[in-house]
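Structure below; questions to follow.
The values are calculated or read from the model by the stated rules, or taken from the named source; none is laboratory data. Please read all numbers here as calculations on a predicted model, not as lab measurements. For neighbour counting, all protein chains shown are included, and Cβ atoms are generated from backbone atoms with ideal geometry for every residue, glycine included. Remember, those area values only see protein heavy atoms, side chains included, never the ligands or the DNA or RNA. Shrake-Rupley method; radii C 1.70, N 1.55, O 1.52, S 1.80 Å.
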Amino acid sequence: NTSHGMPALAYVIAMVAMLFTAFSFDLMVPRYPSSGSIFVYASDEINGPVGFVVGWLMLLQYLITPAVMLIMAGLAIHEYVPAVPVWAWCVMVDKLALVAELIVLLLFFIFGVIYVAKNPSVAHFSFEGFYNPGHFEMGAVMSAVSLCALSFVGFGSVVTLDDQSLDPKHGPSRAMIVIVLILGALYM
């Protein structure tokens, strides 16, 4: 709604912004080969207090994002199994939640294809989600971009594992680029 019917365009712009973030990690990882990630980068490039704040924000992100994802998955699964309350889905262990999210994603694709196949007169693929000249407003699209960018939160956690990577100088940043591209394609 925020994008005036052009969420795909908002996700493309958010994906490009996130790709710049991933490319910046590609520059920082070899310079600071440490699993501290953004905390180390901010501390060394700016100063310790900024690194401290950024480190705590990163920690909060890693604590909050999984909870938000579990709630989103619980709400999505609740749509298909309303007899089970949302909170019960959220209590499940991480591996079950991951399996449930993958099932929901699969169901989304299956039901989407079935709907398009059964309703060709009303359900069709269109580029209006990317650009609709009759409804396009740059301010509205950019407002939606800020919301869409939240969907990519957490991909930077890959760089915290750079010490365990086969190619610690480039592997994590390449993995982040792949993650951003896959997420962008799924969201669009």
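For the stretch 52-108, what does the relative contact order come out to in percent, with C-alpha contacts under 8 Å and a separation of six or more? Could you put the intermediate results ahead of the total?
Numbers: 28 pairs, mean separation 17.0, N = 57.
Value for the stretch 52-108: 30 percent.
Can you give me the relative contact order of the chain as a percent, contacts being Cα pairs under 8 Å and 6 or more apart?
Details: 191 pairs, mean separation 87.2, N = 188.
Over the chain, the number comes to 46 percent.
What shape does the stretch 107-178 have by the C-alpha gyration tensor, where a ≥ b ≥ c are the square roots of the eigenvalues, rounded means a/c under 1.5, and otherwise prolate means a/b greater than b/c and oblate the rest?
Verdict is oblate for the stretch 107-178.
Which value, in debye to the nearest 20, describes the size of the charge dipole of the stretch 1-109 about its Cα centre when Lys and Arg Cβ atoms bear +1, Asp and Glu Cβ atoms bear -1, and nothing else is charged?
Working: 2 positive and 6 negative charges, 11 e Å.
So the dipole magnitude of the stretch 1-109 works out to roughly 60 debye.
Spin-label point model (7 Å from Cα, Cβ direction): what's the residue 96 to residue 19 distance in nm?
Rounded to a tenth, the inter-label distance reads 4.0 nm.
Please calculate how many Å² of accessible area the stretch 29-188 carries per residue, with a 1.4 Å probe and no DNA, RNA or ligand atoms counted.
Working: 10470 Å² over 160 residues.
The answer is 65 Å² per residue.
So for the stretch 76-188, taking the charge dipole from beta-carbon charges (+1 Lys/Arg, -1 Asp/Glu), which of 108, 139, 92 sits furthest toward the positive end?
108
Hey, another quick one. Efficiency by 1/(1 + (r/R0)^6): what FRET value for residue 125 and residue 53, r their Cβ-Cβ distance, R0 = 41 Å, to the nearest 0.05? Write down the numbers at each step before the final one.
Details: r = 44 Å, r/R0 = 1.08.
Efficiency, from the Cβ-Cβ distance: 0.40.
Is any helix in the chain, taking whole DSSP H runs, at least 27 angstrom long along its axis by alpha carbon and on average at least 1.6 on the Kyte-Doolittle scale, and which ones? Please list the in-between numbers first.
Details: long enough: 7-31 (36 Å, 1.50); 48-80 (48 Å, 1.45); 94-118 (35 Å, 2.02).
Span-like helices here: 94-118.
Can I ask one more? All other residues with a Cβ under 12 Å from the Cβ of residue 51 taken together, and with Lys, Arg as +1 and Asp, Glu as -1, what is their net charge? Each step should come with its number before you reach the end.
Values: positive: none; negative: 44, 45.
That works out to -2.
Okay, next question. Please work out the Cα convex hull volume for the stretch 1-119 and give it in Å³ per residue.
Working: hull volume 20.8 nm³, N = 119.
Enclosed volume per residue, from the Cα hull, is 175 Å³.
At residue 118 and residue 72, where each label point lies 7 Å from the Cα along Cα→Cβ, what is the point-to-point distance in nanometres?
Reported label-point gap for residue 118 and residue 72 is 2.7 nm.
For a quick check of understanding: with a 1.4 angstrom probe and all protein chains in place, what accessible area in square angstrom does residue 45 have, to the nearest ten?
It works out to around 80 Å².
Further question: Quick one: dipole size for the stretch 31-168, taken about the Cα centre, charges +1 on Lys/Arg Cβ and -1 on Asp/Glu Cβ, in debye to the nearest 20.
Values: 3 positive and 10 negative charges, 74 e Å.
Result for the stretch 31-168 is approximately 360 debye, rounded to the nearest 20.
Kindly report, to the nearest 10 Å², the accessible surface of residue 28 as traced by a 1.4 Å probe over protein heavy atoms only.
Per-residue accessible area (residue 28): approximately 40 Å².
Compute the FRET efficiency between residue 109 and residue 63 as 1/(1 + (r/R0)^6), taking r as their Cβ-Cβ distance and R0 = 45 Å, and round to the nearest 0.05.
On the way: r = 30 Å, r/R0 = 0.67.
Computed FRET efficiency for residue 109 and residue 63: 0.90.
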